[in-house]
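I have placed the structure first, in the form of structure tokens, so that the comments after it can refer back to it.
The values are calculated or read from the model by the stated rules, or taken from the named source; none is laboratory data. Nothing here was measured: the structure is a model prediction, and the numbers come from that model. Quick reminder, even Gly has a Cβ in these numbers, built from the backbone with ideal geometry, and neighbours come from all protein chains shown.
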Amino acid sequence: MPEQTDQSQLNTAFQPKIEEFSIDAKLVGTMDNLRSQLSKIPFYLINAESDEINLVRVESRSINKRPYLFHIITFKPSSTVVTYSYPPDSSLNLRRAAILKNLSGVLSMVSANYTVNTSKFLQYVDSVIENITSGLSQNYTTIYNRYESLLSEYRDLRRLNVELAASNRNLTIQSAQLSEENKKFKTEVETLRKYSDESLMALVEEWIQVHGNSIDVIAFGKAYEVAPTRVEQVLDKMVSLGYIEAKS
């Protein structure tokens, strides 16, 4: 039994509360014309009686499929009554503002046949807005200012990130180019260092003997995978040492 009582109290605590307000109004046309206009508004159900029309909207339902958040706009010939629910753990002022927004939209669509007392309506709107703004504490202002500051910092960091990303792309391209150049340079160095001077001079002497005392620098270089400039350097050295003679 105690568990059932606790569950019952819990369910009661989360039941939505009901609030209602009314505004003086005037039926300009007929109830039939008003009903016809109201039937064209989406998301609402109509319950019409002889002297009033109820416009009902169910915004959410409970786990038992019962209406939880809802509002009812009752159109009478001389007044408009708005009945709505709100969660017990939510802001009543924000709920009132949301209801006013929906009411304003509906009234704007039937203004040709039905009008409310503008003065009374604006007074109620002013009251709701004042309750909302007066509820904004200094803490909220501080938080909002902090938010603005953080937003500005975020934009600066985002702009810097874009600039750094562009710079990084340029560095990546330059790095790739330098890497390619380094590979070529390394290949050339390896080619130049493939043979020692003594080994290369021996190959040159052998080549000259086989090819009728002459040497084709390009052909020799291709045969032994040696750069022509390297071959020429060795030939100059061999001439200076007297190993071979240059033909005129």
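Among residues of region 115-126 that are in the same structural domain as Phe21 (by TED's automatic domain parsing), those with a beta-carbon under 6 Å from a residue that is among the hydroxyl-bearing types (Ser, Thr, Tyr) at least six positions away or on a different chain give the pairs Val116/Thr80. Taking the conditions (1) touching a Lys or Arg at 6+ places or on another chain (Cβ under 6 Å); (2) modelled with pLDDT of 95 or more in turn, Tyr114 satisfies each one other than (1).
Looking at region 42-55, which of its residues are closer than 22 Å to Tyr124 by Cβ and either surrounded by fewer than 16 Cβ atoms within 10 Å (Cβ to Cβ) or among the basic types (Lys, Arg) (or both)?
Taking region 42-55 first, the residues closer than 22 Å to Tyr124 by Cβ are 44, 52-55.
Glu52, the sole residue that qualifies.
Pull out all pairs, ordered by first then second residue, where Cβ-Cβ is under 9 Å, the residues are six or more apart or on different chains, the first lies in region 76-96 and is not assigned by TED's automatic domain parsing to the domain that holds Leu38, and the second is surrounded by fewer than 20 Cβ atoms within 10 Å (Cβ to Cβ) and of a type in the set (Asp, Glu). Every condition considered, no pair remains.
Annotation for region 74-84: no member residue is more than 24 Å from Asp51 (Cα to Cα) and either in a helix (DSSP H, G or I) or touching a Ser or Thr at 6+ places or on another chain (Cβ under 8 Å) (or both).
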